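> First, the structure itself, so that you have it in front of you.
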Amino acid sequence: MNDILKQIDNVLHDLGFEVVEINGNKLYHNKNKGSYYRFTFIEAFRAYVIESASNYEEAKNNLFEDGDLFSIDVDEKDFVEKLRADLIKYYC
């Protein structure tokens, strides 16, 4: 699980997302859009869901919307490729 979190962190860093802490939570900030993201593991789906807040106030008030799911039941390389492609297409 930690390897996947490192991969998520690496992809987001490579794409220019900034790591910030709000209310003790690690979030990824997209300076271009002003939005904030976090990844939460959903055991029932064996996947990470990307959750987004449109701005700082929403992130501060824990108002996140669920986004795409990224299954961990795939090869790590496939996971990273899908994550990168979806982030570029929908979140950058």
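> In square angstrom, what is the accessible area per residue of the chain with a 1.4 angstrom probe?
So the chain comes to 62 Å² accessible per residue, rounded to a whole number.
> Mind checking the full-extension length gain between residue 56 and residue 44? Use 0.36 nm per residue of separation minus the Cα-Cα distance, one decimal, nm.
Length difference between fully extended and current span is 1.4 nm.
> Still on this structure, I have one more. Suppose R0 equals 22 Å. What FRET efficiency, 1/(1 + (r/R0)^6) with r the Cβ-Cβ distance, do residue 7 and residue 65 give to the nearest 0.05?
0.40
> Same structure again: Past the 18 Å Cα-Cα mark, which pairs from 31/82; 33/89; 33/60?
31/82
> Using a Gaussian network for the chain with springs between C-alpha atoms less than 10 Å apart, which of these wobbles most: 37, 28, 56?
56
> Additional query: Starting from the Cα-Cα distance between residue 31 and residue 72, subtract it from 0.36 nm times their residue separation and give me the gain in nm to one decimal.
Gain on stretching residue 31 to residue 72: 12.0 nm.
> Here's something else I'd like to know. Within the set of other residues whose C-beta is less than 12 Å from the C-beta of residue 50, count the net charge using Lys and Arg as +1 and Asp and Glu as -1.
Computed value for this residue: -3.
> Out of 30, 91, 67, whose Cα points farthest toward the positive end of the dipole of the chain (charges: +1 Lys, Arg; -1 Asp, Glu; placed on Cβ)?
30
> Further question: If you average 1/r over every pair of different alpha-carbon atoms in the chain and take one over that average, what Kirkwood value in Å do you get?
13.3
> How are the C-alpha pair distances of segment 1-55 spread across 5 Å bins, as whole percents from the shortest bin up?
P(r) over segment 1-55, rounded to whole percents: 5, 18, 28, 27, 14, 7, 1.
> Still on this structure, please answer the following. Can you give me the % of accessible surface on segment 3-91 that is carbon or sulfur? Probe 1.4 Å, all protein chains present, nothing else counted.
Details: 2450 of 5420 Å².
Of the solvent-accessible surface of segment 3-91, carbon and sulfur hold 45 percent.
> Helix-only mean residue ellipticity at 222 nm, the chain, DSSP H runs n ≥ 4 weighted -39,500 (n - 2.57), per residue, nearest 500. What is it?
Values: 3 runs with 29 residues, N = 92.
Per the formula, -9000 deg cm²/dmol.
> Per residue of segment 67-74, what does 6.51 cos²θ - 1.76 cosθ + 1.60 with θ = phi - 60° give for ³J(HN,Hα)? Whole Hz please, x for Gly and Pro, Karplus curve as stated.
x, 6, 9, 10, 5, 8, 8, 10
The values are calculated or read from the model by the stated rules, or taken from the named source; none is laboratory data. Quick caveat: nothing in here was measured; it's all calculated off a predicted structure. All Cβ positions, glycine included, derive from the backbone under ideal geometry; neighbour counts span all protein chains shown. For accessibility, only protein heavy atoms count, side chains too; no ligands or nucleic acids. Shrake-Rupley method; radii C 1.70, N 1.55, O 1.52, S 1.80 Å.
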